[in-house]
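> Dumping the structure here so I can ask a few things about it.
The values are calculated or read from the model by the stated rules, or taken from the named source; none is laboratory data. Worth saying up front: this structure is predicted, and the values here are computed from it rather than measured. All Cβ positions, glycine included, derive from the backbone under ideal geometry; neighbour counts span all protein chains shown.
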Amino acid sequence: AQVTAIRGARHSVGDRLIRVAPPHQILDPDAGPLIAVRLNIVSRKTLGGLQTNLDGQVLGMDGQPVPGLYAAGEASGFGGGGVHGYRSLEGTFLGGCLFSGRQAGRALAKK
C-alpha cells in the first residue's frame, strides 16, 4: 500500500514541481553520495497519561488511589485525546487542563 501511495504521489503536479531529484535507486552511484541527517524527535501528543479518578488522584495498578499522588493537565491524559478525542487539535487542551487542575485542587483543599 505504501509503494502504491508513493507511486501515485509522484504523478501529482505538486510533487513534480518541487522534487529536487528524479526518483532513483537509493544506491545508484550516479545519484550522488548518501547524506546522513541527525533528527531529534519530539512527541507533542501521547494520547495517554496517568490514570486518575475524578478528583485527580493517580490510580495504581490495582485501580486504587495512590496516597498523596495527584495529576492534572497533560500528566493526566489531556495532552492528547481527553475531552476532544483522537482528533483534537493543538491548542484545544486548555479547557481539559484547567478542569482537571481545578478538580485536583479542590480535592487537595478538602484534606
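> Can you name every residue in the stretch 48-69 that is over 11 Å from Leu108 (Cα atoms) and among the polar types (S, T, N, Q)?
Gln51, Thr52, Asn53, Gln64
> While we're looking at this one, here's another question. Could you go through the stretch 51-62 and let me know if any residue there is modelled with pLDDT under 80 and either touching an Asp or Glu at 6+ places or on another chain (Cβ under 9 Å) or surrounded by 10 or more Cβ atoms within 10 Å (Cβ to Cβ) (or both).
no
> Return yes or no: is Val83 of a type in the set (A, V, I, L, M) and at pLDDT below 75?
Taking the combined requirement at face value, the residue satisfies it.
> When both residues are 6+ apart or on different chains and their Cβ atoms are under 6 Å apart, which pairs have a first residue that lies in the stretch 59-77 and is in contact (Cβ under 8 Å) with a residue 24 or more places away in the chain, and a second that is assigned to a strand (DSSP E or B)?
Pairs that qualify, where the first residue is in contact (Cβ under 8 Å) with a residue 24 or more places away in the chain and the partner is assigned to a strand (DSSP E or B), are Tyr70/Gln57; Ala71/Thr52; Ala71/Val58; Ser76/Thr52.
> Determine whether the stretch 89-100 contains at least one residue that is surrounded by fewer than 13 Cβ atoms within 10 Å (Cβ to Cβ) and modelled with pLDDT of 70 or more.
Scanning the stretch 89-100, I find at least one residue that is surrounded by fewer than 13 Cβ atoms within 10 Å (Cβ to Cβ) and modelled with pLDDT of 70 or more, so the answer is yes.
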